[in-house]
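Data block below; observations after.
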Amino acid sequence: MKLKYRVCGSVVGVTFICSCMYLLNTLPRIIEYTKPSLHVRKLIPRIVDTDAHFSALRKRLNKSNYTSDEFSPETVEGERERGTSGGREDKGARVEPPAKFTDEDVDSMLDKLTRTHPKMFDMEELRVTPYDSVLWNIKKRNHKKGIYLPGYAELEEGGGGSMNWEKFQRGINQYFMYDPDDPAVDGLLKDMVKGSVIDVEQKDGGTQLKLIITFQDEGQALFKPMRFPREVETLPNHFYFSDYERHFAEIGAFHLDRILAFYRVPPVSGRRFNMTYEIRRLADRKLAKTFFISPANNVCFHGSCSYYCDTGHAICGNPDTIEASLATFLPPEKLGRRKTWRNPWKRSYSKHRKAYWEVYDDLCDKVRTKPPYNNERRLQDLIDMHIFDFLTGNLDRHHYETFRDFGNVTFHMHLDNGRAFGHSSKDDLSILAPLYQCCVIRYSTFIKLSKFYLGPEKLSSSLSKSLDRDTLRPILLEPHLTALDRRVVLILKEIAKCLEKGLEVEDVIVDDFF
């Protein structure tokens, strides 16, 4: 037989070609012989994924604030890998069951409280009681009525206003921002979404751009625009004081405050604006001059402020539509005078040094003996505020406000929540410093958190249901909702640590009937 193949004209070339032909003929049988079984083929990708997952998990744990594997970001990362498509589940996609966050120390604490103080802490009854009934029982225990802003008493003689924003402002009480049963609150949320805009001006002060929106019914709201998609979280190298504000964080904070029955955040709605017709057309000349068309043919503007007000930090539509949060205005200063207080647990706002409480743990001993924190509710309200900030991940609480006409026995307003919901996988326990340094929590707050821990209603599902009523839904993506349930456990775990120190239950879980 005469070979037709010639490789470099050598015998070696002929041998190589023959070897290759033999291999090609026998390869299918080799593959069939060595092919793994169906069961093994299914396991191989899982094993590879799992190894990669735990390798990445170890790296994250080395950089995070977690103290145990029970509260790792594993579940959150899993949700992110599955994808949310902007918060909406793909049709036909597999729906994973909600994560279950439990802790042995918390379980032991709740069991012991049930045995030693059954009248105050009947956890079995709490487990089967609907959350709305829990709030109703808490409300019945508080027989304090409180006063309303005296500035409105004189206006009532000439007839009170009929607009929802006027009803909201008149309804501000010594003990809450609004009555949850007042229909004017839901009416106000709808008014801010549908009301016609008649004037736009830029708000002075602050590091980032905000607008004052005036509606046809003369109500006003604070406009915070969308800067980036909901999937974008705080950059790892950014300090809390250089982070962008998020419009959806303001909306989420209002709904969370309402679910927790604090009622200390003014009503907030989400709305889509036509930037040309509803903003530029009604803006003053100075603001209107900052509008331009981007290279992507989107309408943009940047306003004028001390930071982040330039072309590189412009606010752009898609192409002419933009999302924004609208927080209703509080009463004018002459009717609702306010006092600003420095938060004792304020951060240093320095890149090089820490605050006193971050170095020493005796600040509470100094704070709780001095006015106004030595009265019947101020310290508990401060700790409520930090619990609220821990749930939202807000580190930027340097000051807070109260109404002067109510004196020192009144609530803290939870304003400016735009830097919340920036980290879904990081739980910064330093936000809880007043809680674990003072070892004090309000009884009603403890009961609410315990109910969400015991279930079956979870804080994540309750907030998700509430947020679905907003026109910009989805407001929070699944990782942020999951983080709420994880953080509920961490808060209760700090209370368990306080009780393990031998402190009396009545001194740790304080019942001030609020």
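The values are calculated or read from the model by the stated rules, or taken from the named source; none is laboratory data. Because the structure is a prediction, the values reported are computed rather than measured. When we count neighbours, we look across all protein chains shown, and the Cβ atoms used for this are built from the backbone with ideal geometry, even at glycine. To get the accessible areas, we keep the full protein, side chains included, count just its heavy atoms, and leave off ligands, DNA and RNA. Shrake-Rupley method; radii C 1.70, N 1.55, O 1.52, S 1.80 Å.
Listed values, structure above:
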| quantity | calculated |
| --- | --- |
| Which listed residue, of 258, 271, is at pLDDT 95 or above, within 27 Å of residue 163 (Cα to Cα) and open to solvent by 20 Å² or more (accessible area, probe 1.4 Å) | 258 |
| Residues located in the stretch 493-514, provided they are over 18 Å from residue 262 (Cα atoms) and aliphatic (A, V, I, L, M) | 495, 496, 499, 503, 505, 508 |
| Whichever residue in the stretch 366-407 is assigned to a loop (DSSP other than H, G, I, E, B) and touching a helix residue (DSSP H, G or I) at 6+ places or on another chain (Cβ under 6 Å) and, among such residues, is nearest to residue 492 (Cα to Cα) | 395 |
| Residue list for the stretch 113-127, filter: of a type in the set (Ser, Thr, Tyr) and either in contact (Cβ under 8 Å) with a residue 12 or more places away in the chain or within 12 Å of residue 447 (Cβ to Cβ) (or both) | 116 |
| Only one of 113, 126 that is open to solvent by less than 70 Å² (accessible area, probe 1.4 Å), at pLDDT 95 or above, touching a strand residue (DSSP E or B) at 6+ places or on another chain (Cβ under 9 Å) and not aromatic (Phe, Trp, Tyr) | 113 |
| Long-range neighbours under 9 Å by Cβ, at least six apart or interchain, first residue charged (D, E, K, R) within the stretch 170-184, second in a loop (DSSP other than H, G, I, E, B) and open to solvent by 30 Å² or more (accessible area, probe 1.4 Å) | 170/160; 179/263 |
| Test: residue in the stretch 485-494 that is at pLDDT 95 or above, among the β-branched types (Val, Ile, Thr) and either farther than 20 Å from residue 131 by Cβ or over 19 Å from the mean Cα position of the chain (by Cα) (or both) | no |
| Top-ranked residue of the stretch 454-468 - restricted to ones that are out of contact with any Phe, Trp or Tyr (no Cβ under 8 Å at 6 or more places or on another chain) and part of a helix (DSSP H, G or I), ranked as surrounded by the fewest Cβ atoms within 10 Å (Cβ to Cβ) | 465 |
| Residue satisfying all of: in the stretch 469-503; of a type outside the set (A, V, I, L, M) and within 23 Å of residue 120 (Cβ to Cβ); surrounded by the fewest Cβ atoms within 10 Å (Cβ to Cβ) among these | 502 |
| Of residues in the stretch 434-453 being in contact with a Cys (Cβ under 8 Å, 6 or more places away or on another chain) and in a helix (DSSP H, G or I), the one most open to solvent (accessible area, probe 1.4 Å) | 436 |
| Residue pairs meeting the criteria (Cβ under 8 Å; at least 6 apart or on separate chains; first over 16 Å from residue 245 (Cβ atoms), in the stretch 195-215; second exposed (fewer than 15 other Cβ atoms within 10 Å of the Cβ) and among the β-branched types (Val, Ile, Thr)) | 214/198; 215/198 |
| Test: residue in the stretch 196-209 that is β-branched (Val, Ile, Thr), modelled with pLDDT under 95, outside any strand (DSSP E or B) and on the phi < 0 side of the Ramachandran plot | yes |
| Residue that is out of contact with any Gly (no Cβ under 9 Å at 6 or more places or on another chain) and surrounded by 14 or more Cβ atoms within 10 Å (Cβ to Cβ), where the choices are 193, 200 | 200 |
| Count of the stretch 256-305 residues which are assigned to a loop (DSSP other than H, G, I, E, B) and at negative phi | 17 |
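For (1) over 19 Å from residue 208 (Cβ atoms); (2) of a type outside the set (Lys, Arg); (3) in contact (Cβ under 8 Å) with a residue 60 or more places away in the chain; (4) open to solvent by less than 20 Å² (accessible area, probe 1.4 Å), each residue gets a yes or a no:
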| position | (1), (2), (3), (4) |
| --- | --- |
| 307 | no, yes, yes, no |
| 312 | no, yes, no, no |
| 317 | no, yes, no, yes |
| 321 | yes, yes, no, no |
| 324 | no, yes, yes, yes |
| 328 | yes, yes, yes, yes |
